[in-house]
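Novice: Let me begin by handing over the structure; questions about it come next.
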Amino acid sequence: MNVFITGANRGLGLGFVQHYLAKGDQVWACYRSECEALVKLDVEVLHLLQWDVSTDDKPQGELPNAIDLLINNAGIYGSTKAGQSLDEITPDNMLEVFNVNCVGPLRVVKYLKERVVAAQGIIANLSSKMGSSTDNSSGGTYAYRASKAALVIISKSMAVDLQPDGVRVITLHPGWVQTDMTHHSGLIDVEQSVAGMTQVIEHVNDYDAGQFVAFDGAVVPY
Ligand SMILES: NC(=O)c1ccc[n+]([C@@H]2O[C@H](COP(=O)([O-])OP(=O)(O)OC[C@H]3O[C@@H](n4cnc5c(N)ncnc54)[C@H](OP(=O)(O)O)[C@@H]3O)[C@@H](O)[C@H]2O)c1
């Protein structure tokens with residue numbers, strides 16, 4: 001299987017890389033600027049590409065002709081929780097986070113669509129429960145919540161638009177995971193989250209097109 005992962009140099013992205021390498025898959029791992037952890041893996045089936053998904057620049061590196069699984073993992077939280085309060089949030093903060101978390105996956109899919117269609121592959125977009133309106137009882141976090149909510153809708157449109165081409169699209173919530181993004185304060189570790197999400201991906205046909213699903217297989221209401 002050819003697996004393509006964005007934001008793969010640390011956190012959940014690196015966890016996905018390790019999971020699919022262990023399964024014997026060919027992995028195309030994208031990083032924005034720092035690739036030391038990927039280089040250290042030192043395996044021939046790993047292909048490195050430099051790609052900042054916040055820009056319209058093309059990925060630097062060789063692409064696979066067909067992509068069986070595209071994981072849109074790259075994302076940012078934005079400024080601190082306090083910095084994303086109603087009083088502190090700024091239009092620039094909103095646009096920066098929206099550009100990476102929502103426009104980024106759209107750019108990636110627009111650029112790689114034909115290759116995913118060639119494999120009748122799967123696209124997995126990493127959103128967050130923070131983007132669920134139903135789950136939002138604590139307010140705040142404007143930039144991150146809005147960007148991840150928008151990604152749910154974008155992912156659903158992709159699912160509908162690409163279904164006739166045999167491409168399945170799913171939206172994932174990784175859980176609250178111990179990574180740099182959460183300052184390692186999450187409830188589960190990267191291995192647990194990736195083990196769950198990869199199971200969901202494997203059973204993508206059990207879910208509706210574009211459905212929003214957590215790492216434990218539960219459908220997330222939004
Ligand atoms: N951790 C959680 O509890 C949690 C919960 C819900 C959803 N998520 C989502 O899961 C995904 C992975 O999160 P994580 O916890 O692994 O975060 P992380 O540890 O902060 O890693 C984020 C990754 O995204 C990359 N990235 C950021 N901006 C980028 C850009 N413009 N272009 C390309 N790559 C970029 C980072 O690269 P650099 O090293 O270059 O910065 C890094 O590889 C994110 O989409 C996040 O929103 C995480």
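Each value in this text was obtained by applying a stated rule to the coordinates, not by laboratory testing. Please read all numbers here as calculations on a predicted model, not as lab measurements. Here the Cβ positions follow ideal geometry from the backbone for every residue, glycine too, while neighbour counts run over all protein chains shown.
Novice: Give ILE67, ILE76, ILE71 a once-over and let me know the one that is within 24 Å of ILE154 (Cα to Cα) and in a strand (DSSP E or B).
Specialist: Sole residue among the options that is within 24 Å of ILE154 (Cα to Cα) and in a strand (DSSP E or B): ILE71.
Novice: Something else: Which one of GLY217, GLY186, GLY140, GLY210 is assigned to a loop (DSSP other than H, G, I, E, B) and crowded, with 20+ Cβ neighbours inside 10 Å? Show your work before the answer.
Specialist: Numbers: GLY217 fails: crowded, with 20+ Cβ neighbours inside 10 Å; GLY186 fails: crowded, with 20+ Cβ neighbours inside 10 Å; GLY140 fails: crowded, with 20+ Cβ neighbours inside 10 Å.
Every option except GLY210 fails the conditions.
Novice: Moving on to the next point. Determine if region 132-148 includes at least one residue that is within 26 Å of MET1 (Cα to Cα), in contact (Cβ under 8 Å) with a residue 12 or more places away in the chain, within 14 Å of the ligand (Cβ to nearest atom) and in contact with a Phe, Trp or Tyr (Cβ under 6 Å, 6 or more places away or on another chain).
Specialist: No: zero hits.
Novice: Can I ask one more? Out of everything in region 1-33 that is of a type in the set (A, V, I, L, M) and within 8 Å of the ligand (Cβ to nearest atom), what residue ends up being surrounded by the fewest Cβ atoms within 10 Å (Cβ to Cβ)? Lay out the reasoning, then the answer.
Specialist: Here is the first cut: in region 1-33, the residues of a type in the set (A, V, I, L, M) are 1, 3, 5, 8, 12, 14, 17, 21-22, 27, 29.
If we keep only those that are within 8 Å of the ligand (Cβ to nearest atom) too, we end up with 8, 12, 14.
On the way: ALA8: 31, LEU12: 26, LEU14: 22.
If we take residues in region 1-33 being of a type in the set (A, V, I, L, M) and within 8 Å of the ligand (Cβ to nearest atom), then LEU14 is surrounded by the fewest Cβ atoms within 10 Å (Cβ to Cβ).
Novice: If you scan region 116-131, which residues turn out to be surrounded by fewer than 24 Cβ atoms within 10 Å (Cβ to Cβ), in a helix (DSSP H, G or I) and in contact (Cβ under 8 Å) with a residue 60 or more places away in the chain?
Specialist: Listed by number, the residues that qualify are ALA119, LYS129.
Novice: Can I ask one more? Give the residue that is farthest from the ligand (Cβ to nearest atom), with candidates limited to residues of region 150-175 that are surrounded by fewer than 19 Cβ atoms within 10 Å (Cβ to Cβ) and part of a helix (DSSP H, G or I).
Specialist: So the first thing to find is which residues in region 150-175 are surrounded by fewer than 19 Cβ atoms within 10 Å (Cβ to Cβ), and the list is 150, 153, 157, 160-161, 163-166.
After this cut, where a residue has to be part of a helix (DSSP H, G or I) as well, the list is 150, 153, 157, 160-161, 163-165.
Details: ALA150: 13, ILE153: 16, SER157: 18, VAL160: 22, ASP161: 22, GLN163: 24, PRO164: 28, ASP165: 25 Å.
For region 150-175, the residue satisfying everything is PRO164.
Novice: Do we find that LEU41 is more than 26 Å from MET158 (Cα to Cα), away from the ligand (no atom under 14 Å from the Cβ) and either buried (at least 16 other Cβ atoms within 10 Å of the Cβ) or not small (Gly, Ala, Ser) (or both) in this structure?
Specialist: It is true that LEU41 is more than 26 Å from MET158 (Cα to Cα), away from the ligand (no atom under 14 Å from the Cβ) and either buried (at least 16 other Cβ atoms within 10 Å of the Cβ) or not small (Gly, Ala, Ser) (or both).
Novice: Just to be sure before I move on: is THR80 more than 13 Å from the ligand (Cβ to nearest atom), without any contact (Cβ under 8 Å) to a residue 12 or more places away in the chain and within 25 Å of GLU34 (Cα to Cα) in the structure I sent? Break it down into steps so the answer makes sense when it comes.
Specialist: Values: more than 13 Å from the ligand (Cβ to nearest atom): yes; without any contact (Cβ under 8 Å) to a residue 12 or more places away in the chain: yes; within 25 Å of GLU34 (Cα to Cα): yes.
Against the criterion (more than 13 Å from the ligand (Cβ to nearest atom), without any contact (Cβ under 8 Å) to a residue 12 or more places away in the chain and within 25 Å of GLU34 (Cα to Cα)), THR80 qualifies.
Novice: Here's a follow-up. Report the residue count in region 44-60 for those that are within 13 Å of the ligand (Cβ to nearest atom), more than 17 Å from ARG10 (Cβ to Cβ) and touching a Leu at 6+ places or on another chain (Cβ under 8 Å).
Specialist: Within region 44-60, residues that are within 13 Å of the ligand (Cβ to nearest atom), more than 17 Å from ARG10 (Cβ to Cβ) and touching a Leu at 6+ places or on another chain (Cβ under 8 Å) number 2.
Novice: Mind listing just one residue for me: the one in region 84-115 that is in a helix (DSSP H, G or I) and more than 16 Å from the ligand (Cβ to nearest atom) and, of those, surrounded by the fewest Cβ atoms within 10 Å (Cβ to Cβ)?
Specialist: Restricting attention to region 84-115, the residues satisfying the condition of being in a helix (DSSP H, G or I) are 84, 91-115.
Checking which are more than 16 Å from the ligand (Cβ to nearest atom) leaves us with 91, 113-115.
Numbers: PRO91: 8, LYS113: 18, GLU114: 11, ARG115: 18.
The residue in question is PRO91.
Novice: I've got another one for you. In the set GLY186, GLY175, which member is more than 14 Å from the chain's Cα centre (by Cα), over 16 Å from PRO105 (Cα atoms) and not β-branched (Val, Ile, Thr)?
Specialist: Only one candidate qualifies: GLY186.
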